[in-house]
Amino acid sequence: MSWDEWEQLKTDTAQRQVTGTRLNGLDGNAGATAGTGDLVVNRDDLGAIGHEAYLLYGRLSRDGDHARPATFDASIALTNGNFTSGSELLKVHDRWNSQLRTLLDACARISNHLDYTKSTHAKDDADIGGQLLSTSKIDEYFK
């Protein structure tokens with residue numbers, strides 16, 4: 001390879017690489033504006049969703065169990081009276097309890113996970129800020 005070819009390759013490469021290192025951005029014009037990152041967390045949105053999940057959990061645990069005792073008593077009375085609908089009503093009772101527990105668990109997971117996500121992102125932001133601050137202190141010694 002001659003020196004002229006080498007210089008031409010360097011020039012071509014420099015023209016293709018408009019930017020060097022890009023932090024918190026995307027290559028090219030993929031519809032993103034400069035400075036926007038891939039991850040956007042709006043704590044107000046997370047808080048609102050987590051709060052609604054918490055409220056739904058409270059309402060379901062209080063109101064979702066109203067009919068359970070009466071349904072169970074009715075199924076036992078029907079079964080004792082030799083009605084086949086008694087065992088079927090007990091199946092409905094059991095299915096309702098199973099579905100209610102599943103829904104309560106889902107609400108609790110959503111609420112807890114969003115609380116965890118908010119606190120984790122806040123901790124990560126603080127850690128990254130501390131790392132950047134310590135790096136800038138080191139940079140002062142190289143000037």
- Task: Please find, within region 45-68, the residue that is modelled with the lowest pLDDT out of those that are of a type in the set (Gly, Ala, Ser) and over 11 Å from Leu104 (Cα atoms).
- Result: Gly47
- Task: Look at Thr71 and say whether it is surrounded by 14 or more Cβ atoms within 10 Å (Cβ to Cβ) and at pLDDT 90 or above.
- Result: yes
- Message: Given the criterion open to solvent by less than 80 Å² (accessible area, probe 1.4 Å), at pLDDT 90 or above, under 28 Å from the mean Cα position of the chain (by Cα) and of a type outside the set (D, E, K, R), identify the matching residue among Asn42, Asn97.
- Response: Asn97
- Task: Determine, yes or no, whether Leu132 is at pLDDT 90 or above and either out of contact with any strand residue (DSSP E or B) (no Cβ under 9 Å at 6 or more places or on another chain) or not aliphatic (A, V, I, L, M) (or both).
- Result: no
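The values are calculated or read from the model by the stated rules, or taken from the named source; none is laboratory data. What you see is a predicted model; the values in this text were computed from it and never measured. Quick reminder, even Gly has a Cβ in these numbers, built from the backbone with ideal geometry, and neighbours come from all protein chains shown. In case anyone asks, the SASA skips ligands and DNA or RNA and just uses the protein heavy atoms, side chains included. Shrake-Rupley method; radii C 1.70, N 1.55, O 1.52, S 1.80 Å.
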